[in-house]
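Working notes for the structure below.
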Amino acid sequence: MSDPKPLVCDFVLRHARELLTMNGDDALGIVDGGALLARDGRIVWVGHDGDVGRAADDDAPVQIADDAIVVDAAGACVLPGFVDAHTHTVFAGSRADEYEERLQGRSYEEILAAGGGINRTVAATRDASPQTLADLTRRRLDAFVRHGTTTVEIKSGYGLDLESERRILAAAAVAHPVRRVLTFLGAHFVPEEFDDRADEFIDLVCEEMLPALRGVAEFVDVFCDVGAFTVEQSRRVLVRGSELGYATKIHADELARSGGAMLAAEVGCVSADHLVHATWEEITALKQAGVVAVALPGTSFSLGGGYAPARDFIDAGLTLALATDFNPGTSYCENMQMAIALACQQMRLTVAEALRAATSGGAAALGRAHELGSLAPGKACDLIVLAAETHAELPYHFGVNLVDGVVIGGRPIVVDGLPWRREADE
Ligand SMILES: [Zn+2]
């Protein structure tokens, strides 16, 4: 019998003081003194640095190609790239002035009545050219990746008519190394031209937009809350979306106990997001239905309001994801490290729980746990090298960027804290 042919790797990471694999059910799956080998963007082997020379894939020995990319972690902590499972990244215009007004006590309702708020973002986004939206999105994706995010879910929802929603989804798919998962959120808000005719707008979403955007977006989402859509209207969107082959998500129980979480359990959504007002009854229903809970502490921080009971989610056995909710109105922040720091301080998560939620939890909220969010053979080689020796620094050393290196699909994207050279991508 001949010896099995060696597997030749084109990427090697060495000398991680801590390699957080997120493999296993509870802990971080830490390999002390870790190394990792990959080929064609997929991880082949994970183990102790001293065992690199003896690495094997099943029975085949693993070799390192002479021209392999070598990342020397030099004693730093390495973990999977963050998976940000909830963002509204594509929009035009700024609302910095409104934030300042809100800090001074002006209510969102007053701002909205004066022509501000989400209507202002919708108007600016409808007016923006495809090129402008693509440029804005690319710059924001640069910020996400510099802060360690390797996969971003992006929702539409500032167009609210078919062509504008289509342009937003096209911009969301702009060429960029960060992985994207696209979600159609046509039922984000009732646009001004449908004032007092929310049911007719839902007709438009279900009959025109959802069929037309099939295959463009993978998920459909709906804002089920006071001031947005009712449970009945939300159910119509999610059921119609499911029939057309979309996976489903829901903005639930953010502003009030709206019935959204129960609807998520009933429809079998992949995730229910926000859940600030979720009670034990809702948490139990989500657990039984296998719905991933997505907590968005940056939004609570920006609004100066309550935080989701994420401690209860974990204690109940729910899979938890942390995300930024990056958007111009209530969470203008691309940095998952901020979400982690807030989750530890304000939601009483342990550091390990917050890190799992920011990586493998995010992947579960996108139906991608089989390939993203953890470091194991067969998974995508998406990882970050911290400017820190241990993961405990992440919530502790807050307000600065602790990401020194980012690798996506086995390619270095950020090196020594600096972005990749864009020429090399085009
Ligand atoms: Zn949202």
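The values are calculated or read from the model by the stated rules, or taken from the named source; none is laboratory data. Keep in mind that this is a model prediction, so the values were computed, not measured. Note: ideal-geometry Cβ built from the backbone for every residue, glycine included; neighbour counts use all protein chains shown.
Comparison of Gly317, Gly329, Gly361, Gly378 shows that the only residue that is more than 16 Å from Thr87 (Cβ to Cβ) and in contact (Cβ under 8 Å) with a residue 60 or more places away in the chain is Gly378. Of all the criteria given as (1) within 16 Å of the ligand (Cβ to nearest atom); (2) of a type in the set (Gly, Ala, Ser); (3) over 30 Å from Phe301 (Cβ atoms), the one not satisfied by Ala212 is (1).
Results for (1) outside any loop (DSSP other than H, G, I, E, B); (2) within 16 Å of the ligand (Cβ to nearest atom); (3) over 24 Å from Ser129 (Cα atoms); (4) not acidic (Asp, Glu), shown as yes or no for each residue.
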| site | (1), (2), (3), (4) |
| --- | --- |
| Thr150 | yes, no, yes, yes |
| Leu160 | no, yes, no, yes |
| Arg166 | yes, no, no, yes |
| Ala170 | yes, no, no, yes |
| Val181 | yes, yes, no, yes |
| Glu193 | yes, no, no, no |
| Asp199 | yes, no, yes, no |
| Glu207 | yes, no, yes, no |
| Asp221 | yes, yes, yes, no |
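Among the residues of the stretch 104-111, is any polar (S, T, N, Q) and in contact with an Asp or Glu (Cβ under 7 Å, 6 or more places away or on another chain)? Lay out the reasoning, then the answer.
First, the residues of the stretch 104-111 that are polar (S, T, N, Q): 104, 107.
When the remaining residues are screened for being in contact with an Asp or Glu (Cβ under 7 Å, 6 or more places away or on another chain), the result is none.
Scanning the stretch 104-111, I find no residue that is polar (S, T, N, Q) and in contact with an Asp or Glu (Cβ under 7 Å, 6 or more places away or on another chain), so the answer is no.
Got at least one residue in the stretch 128-146 being outside any loop (DSSP other than H, G, I, E, B), closer than 19 Å to Asp273 by Cβ and in contact (Cβ under 8 Å) with a residue 60 or more places away in the chain? Yes, the conditions are met somewhere in the stretch 128-146.
Answer yes or no as to whether Val62 is buried (at least 17 other Cβ atoms within 10 Å of the Cβ), in contact with an Asp or Glu (Cβ under 9 Å, 6 or more places away or on another chain) and among the β-branched types (Val, Ile, Thr).
Details: buried (at least 17 other Cβ atoms within 10 Å of the Cβ): yes; in contact with an Asp or Glu (Cβ under 9 Å, 6 or more places away or on another chain): no; among the β-branched types (Val, Ile, Thr): yes.
It is false that Val62 is buried (at least 17 other Cβ atoms within 10 Å of the Cβ), in contact with an Asp or Glu (Cβ under 9 Å, 6 or more places away or on another chain) and among the β-branched types (Val, Ile, Thr).
The set of residues from the stretch 317-333 being more than 14 Å from the ligand (Cβ to nearest atom) and either aromatic (Phe, Trp, Tyr) or touching a strand residue (DSSP E or B) at 6+ places or on another chain (Cβ under 9 Å) (or both) comprises Leu318, Thr319, Leu320.
Would you be able to say whether some residue in the stretch 284-300 is surrounded by fewer than 24 Cβ atoms within 10 Å (Cβ to Cβ), within 15 Å of the ligand (Cβ to nearest atom) and not in a loop (DSSP other than H, G, I, E, B)? Yes, the conditions are met somewhere in the stretch 284-300. Evaluating Arg257 against the criteria (1) part of a loop (DSSP other than H, G, I, E, B); (2) at pLDDT 95 or above leaves one unmet condition, (2).
Find the residue count for the stretch 240-278, including only residues that are among the acidic types (Asp, Glu) and either within 16 Å of the ligand (Cβ to nearest atom) or within 18 Å of the chain's Cα centre (by Cα) (or both).
Let us first name the residues in the stretch 240-278 that are among the acidic types (Asp, Glu), namely 243, 253-254, 266, 273.
Subset that is either within 16 Å of the ligand (Cβ to nearest atom) or within 18 Å of the chain's Cα centre (by Cα) (or both): 253-254, 273.
Of the residues in that region, 3 qualify.
For the stretch 29-48, the criterion of a residue being in a loop (DSSP other than H, G, I, E, B), in contact with a His (Cβ under 6 Å, 6 or more places away or on another chain) and in contact (Cβ under 8 Å) with a residue 24 or more places away in the chain is satisfied by no position.
Leu355 - would you say it is more than 23 Å from Asp253 (Cα to Cα) and either in contact with a Gly (Cβ under 6 Å, 6 or more places away or on another chain) or surrounded by 24 or more Cβ atoms within 10 Å (Cβ to Cβ) (or both)? Step through it out loud before you land on a result.
Values: more than 23 Å from Asp253 (Cα to Cα): yes; either in contact with a Gly (Cβ under 6 Å, 6 or more places away or on another chain) or surrounded by 24 or more Cβ atoms within 10 Å (Cβ to Cβ) (or both): yes.
Spelling it out, Leu355 is indeed more than 23 Å from Asp253 (Cα to Cα) and either in contact with a Gly (Cβ under 6 Å, 6 or more places away or on another chain) or surrounded by 24 or more Cβ atoms within 10 Å (Cβ to Cβ) (or both).
Scanning the stretch 81-97 for any residue that is away from the ligand (no atom under 16 Å from the Cβ) and farther than 26 Å from Ile250 by Cα turns up at least one such residue. Taken together, the criteria exclude Leu386 from residues that are in contact with a Lys or Arg (Cβ under 8 Å, 6 or more places away or on another chain), surrounded by 22 or more Cβ atoms within 10 Å (Cβ to Cβ) and either of a type in the set (Asp, Glu) or modelled with pLDDT of 95 or more (or both).
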